[in-house]
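The values are calculated or read from the model by the stated rules, or taken from the named source; none is laboratory data. Computed from a prediction, not measured in an experiment: that's the story for all the values here. With ideal geometry, Cβ positions are generated from the backbone for all residues, glycine too; neighbour counts draw on all protein chains shown. Areas reflect the complete protein model, heavy atoms only, side chains present, ligands, DNA and RNA absent. Shrake-Rupley method; radii C 1.70, N 1.55, O 1.52, S 1.80 Å.
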Amino acid sequence: MAARVRRTGGHSMGQRRSDTSEAPRQAAVALTSSAGRRLAGELRRIKQASGLSFTRLEARTNYSRASLERYVNGKLFPSRDAVGDIAQACGADSRPLLELWDDALEAGAQPPPDMASPAEAATSPETAVSPSEEPGRAPRAARRRLFLFAGLGLALLALGLALLPFSPLSPFGSEPSSKAAPTSGCRDYKAEMRAYSVGTVCWTSARATVTGYVKNPDGTGKAVAQLCISNQPNVCSQTMELAAAGPGGTSRYRRTVTLPAGHGVWVRTCAQDLCTQWD
C-alpha cells in the first residue's frame, strides 16, 4: 500500500518550509524591533498555554523542530505563514500575532538613516501612502508615533502649567530669581500659620517700605514678624525683626529699608520655634 502524505497549504510533511523569505537585513531589523520582540513573546506564550512540546508542534505544522525553537525563542524572524500555522496548531487567534508580524516587517523595511537619499526620505514608508491604503491615511506605525508625540506634548504642557506657580519670579515676589527687579511697585503678603503677619510691601530701586501687623490669636509664646533683605529669599543676607505680639495680641509695624542693587524684601512669621516660608 502506498504511503499517504498529509499536505497543508501545498507543502507536504516531508517538505519543510524555509525559515523566512525576507532579506537578511530586513529580517534582522524586524526581529529586534519592538514588535518583533513582542511577537516572539506571544509565540512563547501561546505555545506554553497549549502544552505542546516542540516535537508535537513540529508534527502539527510544516516546520522543523529547530526552526520552531528559533521562532519561539526570538532567534529567527518567522515567515507570515509560520506565524499563522503556529497559532492554529496551538489553538490561538492568529490575528493579533499577524498584526505584530506586519508591524515588525514594516520596521525592518525602513532604510538605515545614513543610506536614505533626500528623494527616498521624501517618499519613505513613514510618509508615503501605498495604493492599497485609503488616501490621507498614514501607515500604522506612523500613526502610532504621531499619537505618541501628541500625548507627550500634552503631558509636558500639563506639567508646565502645574509648575508655573513655582517658577522663578521677580526678587520682589514669593520665589528667588536672577532677573532684574522692577524699578517700583507694591504687593500684598500673608505669612500665616496659627499666628500670622499680613501687610503690604512697596518699593523703588533703592528702598522698600513694609507695613502690616502680626497677630497671635492663641499662642503660648510670642509671635514675631521678620523681614529678609536679599536677592534670594531663602538665603537672607540680612534679617530683622519687624514686630512681636504676645498671646492674644496684635502688633503693627512700618519699616523702610535701603535696598542694595538687585535685592528685594520678604516677610515671615515665627512662633514657638516654627516659621512660615518667606512671603
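Annotation: VAL235 fulfils all but one of (1) in a loop (DSSP other than H, G, I, E, B); (2) among the aliphatic types (A, V, I, L, M); (3) surrounded by 13 or more Cβ atoms within 10 Å (Cβ to Cβ); (4) modelled with pLDDT of 70 or more; the unmet one is (3). Taken over region 30-74, the criterion of being over 16 Å from ALA87 (Cβ atoms) and charged (D, E, K, R) is satisfied by ARG37, ARG65, GLU69, ARG70.
Taking the listed residues THR55, THR20, THR32, the one that is among the β-branched types (Val, Ile, Thr) and modelled with pLDDT under 85 is THR20, with no other qualifying.
Of the set (1) open to solvent by 20 Å² or more (accessible area, probe 1.4 Å); (2) at pLDDT below 85, all apply to THR209 but (2). Of all the residues in region 33-49, those that are of a type in the set (Ser, Thr, Tyr) and surrounded by 14 or more Cβ atoms within 10 Å (Cβ to Cβ) number 1.
Collect the residues in region 185-209 that are part of a strand (DSSP E or B) and farther than 18 Å from ALA261 by Cα, keeping them in residue-number order. If the condition is that a residue be part of a strand (DSSP E or B) and farther than 18 Å from ALA261 by Cα, then ARG187, ASP188, TYR189, LYS190, ALA191, GLU192, TYR196, SER197, VAL198, GLY199, THR200 are the ones that fit. The residue that is most open to solvent (accessible area, probe 1.4 Å), counting only those in region 50-79 that are under 16 Å from LEU97 (Cβ atoms) and within 34 Å of the chain's Cα centre (by Cα), is ASN73.
All of (1) more than 14 Å from ALA245 (Cα to Cα); (2) within 45 Å of the chain's Cα centre (by Cα) hold for ALA195 with one exception: (1). Working only within region 241-279, note down all residues that are out of contact with any Leu (no Cβ under 7 Å at 6 or more places or on another chain), of a type in the set (D, E, K, R) and in a strand (DSSP E or B). Answer for region 241-279, where residues must be out of contact with any Leu (no Cβ under 7 Å at 6 or more places or on another chain), of a type in the set (D, E, K, R) and in a strand (DSSP E or B): GLU241, ARG252, ARG254, ARG268.
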